[in-house]
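First the structure, in the form of structure tokens, and then the observations on it.
The values are calculated or read from the model by the stated rules, or taken from the named source; none is laboratory data. Bear in mind that the values here come from a model prediction, so they are computed numbers and not experimental data. Counting neighbours? That spans all protein chains shown, and the Cβs are built from the backbone with ideal geometry, glycine included. All accessible areas refer to the heavy atoms of the entire protein, side chains included, with ligands and DNA or RNA removed. Shrake-Rupley method; radii C 1.70, N 1.55, O 1.52, S 1.80 Å.
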Amino acid sequence: MLKELLHRKKLFLFTFVTGIGCSFQFGFNVSVINSASAFVKVFINETWMERHETPLQEYAAKLIWSFIVSVLPVGGIVGTYVGGHLTTKYGRKKCMLYNNIAIILISMIMGLSRRARYFEIILVARFLYGISIGFGIMCHSLYLGESAPKDQRGAVCMSRPMLFAFGKFMGQVVGLREILGRESTWPLLLAFSGLPALIQLVTLPWFPESPRYLLIEKGNRALCQDALRRLWGSGDFTEEINDMMAERAAIDSDRAKSIREVFRDRTIRWQLISAMVISMASQLSGINVIYFYTTDVYEQLGIPKDKISYVGVGSGFIEILTSVICILFIERVGRKVLMWRGYSFMAVWMLILTVTLTLRNLSAWIPYCSLVFMFIYIFTYGLGPGCVSSVLILEIFTQSSRPAGLMISGTLQWIWLFILGLVFPFLIDTIGQLSFLVFLVSCSFAAVFVYTMIPETKGKTLLQISEEFGKMNEVNRSCGNFLNKRHVVPNTTEVFVIESSRL
């Protein structure tokens, strides 16, 4: 599958260019904040002393730091909601281009934070980063899912989690003290996001708009064919265009559905439930919180402070490696198998990790066992749920409901990332290693749900996948109608007349 993707050079370049300014940005900003954490905390205390001439209390400092870390998902919620509407109105490509301009301006603001002597600038810039990243993720998800061939849709969409993992890795690499992770350069470290935004701003105009958007929502068959040719190379695209036309005919109208309409539409009820569960499980697995608070997590594992940044780089590399491996298997093994088995093993590793953390004081080698199981946990996440989740959510919705479906699932991801980002440092201080049991419960539930409720989507067109879920929705409606009939209270007058006639 990877070989076939590389054969289509334009499509391969397209997956990289669309991801470098969106999913890469998300991963980079998740991990880079930890690399700058020590310097930003000192900066907060310094500016507080300059204004109030009294030191900041430890609890207040931790609360401010938690808000700086977790405000990114708050902005992501706003960006996801805005992105769902604007991508439908103006197209995926144009929205991504304007979004890059916004990120470049925000990075300039972030870079001036220390010179201005306001730590609040970091908080505001992180919030604005979140808006742009949430907006970009919406554009990227739609753009990829609508531009990929059916036989390579899994591999193409896999570029999103792979570039997300690459972004986390680069956030840790650039944050090493040998590069930008120093007291004199930390503002440049937090402003680094402007560089990938500039790269995408320059390169994206060479690629076409989403073919499905051009045909299904704009009704322009000629531009759709031209886009397919530019992305996939020369060939006959009659079958693909006929599939798009069939999908267009299957939806109620050319207008994209709103969030309210998606919630009220019983014909896509199971698609919506599945997307919501997958989104929540992805964040409640705890993988991104580990990157948010790498220092705190690895201190719990007993790793020396001067080695933590290098251990973090190792964990980031593992996630990239598993993303590449997953591309080779996703079209062979299937989405469902990789996902439910991945969550099952993650629950096992988290249980073992909790046990080793509890026993870490018994022997000097036990903390290193904990580190090994943490790496295995990250490996399992990258090989299964981390890569498959984004692909599956894209596949289960049709064109009219996909933007709203992605808005709902994306909003849930951001909400849970915000909650965990805000609560986790206090949770780990309070109950220590037992805080990882939250992730164990979440992974167990996700494994059971995926195994029992989600059909396999491998090798199927988007319309065929919709029909699979349609059967589940039909069963759900039939059960609902049956229950409603069983609970109908008969008219008392009719009952009296019937009984009187019998007498």
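So Leu204 ticks every box in (1) modelled with pLDDT under 90; (2) within 19 Å of Ser23 (Cβ to Cβ) but one. Which box is left unticked?
(1)
Residue by residue through segment 397-432, note down the ones that are of a type in the set (S, T, N, Q) and either within 22 Å of Ser31 (Cβ to Cβ) or not in a helix (DSSP H, G or I) (or both).
Our first condition is that a residue be of a type in the set (S, T, N, Q); within segment 397-432, this holds for 398-401, 409, 411, 413, 430.
Within segment 397-432, Thr398, Gln399, Ser400, Ser401, Gln413 meet the criteria.
Would you mind stating whether Leu180 is open to solvent by 70 Å² or more (accessible area, probe 1.4 Å) and assigned by the TED database to the domain that holds Cys95? Walk me through it before giving the result.
On the way: open to solvent by 70 Å² or more (accessible area, probe 1.4 Å): no; assigned by the TED database to the domain that holds Cys95: yes.
Spelling it out, it is not the case that Leu180 is open to solvent by 70 Å² or more (accessible area, probe 1.4 Å) and assigned by the TED database to the domain that holds Cys95.
Mind checking which residues of segment 111-122 are aliphatic (A, V, I, L, M) and open to solvent by less than 60 Å² (accessible area, probe 1.4 Å)?
The first filter runs over segment 111-122 and keeps only residues aliphatic (A, V, I, L, M), leaving 112, 116, 121-122.
Selection gives Ala116, Ile121, Ile122.
Under 6 Å between Cβ atoms, at least 6 apart or on separate chains: pull out the pairs that start in segment 100-115 with a residue that is without any contact (Cβ under 8 Å) to a residue 40 or more places away in the chain and closer than 24 Å to His140 by Cα and end on any residue that is part of a helix (DSSP H, G or I) and of a type in the set (Ser, Thr, Tyr).
Ala102/Ser132
Hey, among Val297, Val277, which residue is assigned to a helix (DSSP H, G or I) and at pLDDT 75 or above?
Numbers: Val297 fails: at pLDDT 75 or above.
Testing whether each residue is assigned to a helix (DSSP H, G or I) and at pLDDT 75 or above leaves just Val277.
Can you tell me how many residues within segment 147-177 are under 30 Å from Cys224 (Cβ atoms), more than 21 Å from the chain's Cα centre (by Cα) and either among the aromatic types (Phe, Trp, Tyr) or open to solvent by 20 Å² or more (accessible area, probe 1.4 Å) (or both)?
Filtering segment 147-177 down to residues under 30 Å from Cys224 (Cβ atoms) leaves 147-164.
Then drop every residue that is not more than 21 Å from the chain's Cα centre (by Cα), which leaves 149-151.
Those still in the list that are either among the aromatic types (Phe, Trp, Tyr) or open to solvent by 20 Å² or more (accessible area, probe 1.4 Å) (or both) too: 150-151.
The total comes to 2.
Identify, from the list Ile378, Ile327, the residue that is in a helix (DSSP H, G or I), at pLDDT 80 or above and not assigned by the TED database to the domain that holds Arg92. Steps first, answer last, please.
On the way: Ile327 fails: at pLDDT 80 or above.
So the residue among Ile378, Ile327 that is in a helix (DSSP H, G or I), at pLDDT 80 or above and not assigned by the TED database to the domain that holds Arg92 is Ile378.
If you check Ser193 against the conditions, is it at pLDDT 90 or above, surrounded by 20 or more Cβ atoms within 10 Å (Cβ to Cβ) and within 22 Å of the chain's Cα centre (by Cα)? Explain how you work it out, then say what you get.
Details: at pLDDT 90 or above: yes; surrounded by 20 or more Cβ atoms within 10 Å (Cβ to Cβ): yes; within 22 Å of the chain's Cα centre (by Cα): yes.
Spelling it out, Ser193 is indeed at pLDDT 90 or above, surrounded by 20 or more Cβ atoms within 10 Å (Cβ to Cβ) and within 22 Å of the chain's Cα centre (by Cα).
Taking the criterion of being modelled with pLDDT under 85 and open to solvent by less than 40 Å² (accessible area, probe 1.4 Å), would at least one residue in segment 337-352 satisfy it? Before the answer, list the steps.
In the first step, residues of segment 337-352 are kept if they are modelled with pLDDT under 85; the result is none.
For segment 337-352, residues modelled with pLDDT under 85 and open to solvent by less than 40 Å² (accessible area, probe 1.4 Å): absent.
Of the numbered conditions (1) surrounded by fewer than 19 Cβ atoms within 10 Å (Cβ to Cβ); (2) modelled with pLDDT of 75 or more; (3) of a type in the set (Asp, Glu); (4) assigned by the TED database to the domain that holds Thr398, Glu319 fails exactly one; give the number of that condition.
In the conditions (1) surrounded by fewer than 19 Cβ atoms within 10 Å (Cβ to Cβ); (2) modelled with pLDDT of 75 or more; (3) of a type in the set (Asp, Glu); (4) assigned by the TED database to the domain that holds Thr398, Glu319 misses (1) alone.
Pairs only if they're at least six apart or on different chains, beta carbon under 8 angstrom, first in segment 224-240 and within 23 Å of Lys460 (Cβ to Cβ), second open to solvent by 80 Å² or more (accessible area, probe 1.4 Å) and not aromatic (Phe, Trp, Tyr); list them, first residue then second.
Here the result reads Leu231/Lys10; Trp232/Lys10; Gly235/Arg229; Phe237/Gln225; Phe237/Arg229; Glu240/Lys150, each pair linking segment 224-240 to a residue that is open to solvent by 80 Å² or more (accessible area, probe 1.4 Å) and not aromatic (Phe, Trp, Tyr).
Look at segment 33-50 and say how many of its residues are touching a Lys or Arg at 6+ places or on another chain (Cβ under 9 Å) and either free of Cβ contacts under 8 Å to residues at least 12 places away in the same chain or within 29 Å of Ile408 (Cβ to Cβ) (or both).
Residues meeting the conditions: 2.
Report whether or not Gly84 is in contact with a Pro (Cβ under 7 Å, 6 or more places away or on another chain), outside the structural domain of Met407 (by the TED database) and among the small types (Gly, Ala, Ser). Break it down into steps so the answer makes sense when it comes.
Values: in contact with a Pro (Cβ under 7 Å, 6 or more places away or on another chain): yes; outside the structural domain of Met407 (by the TED database): yes; among the small types (Gly, Ala, Ser): yes.
In short, yes.
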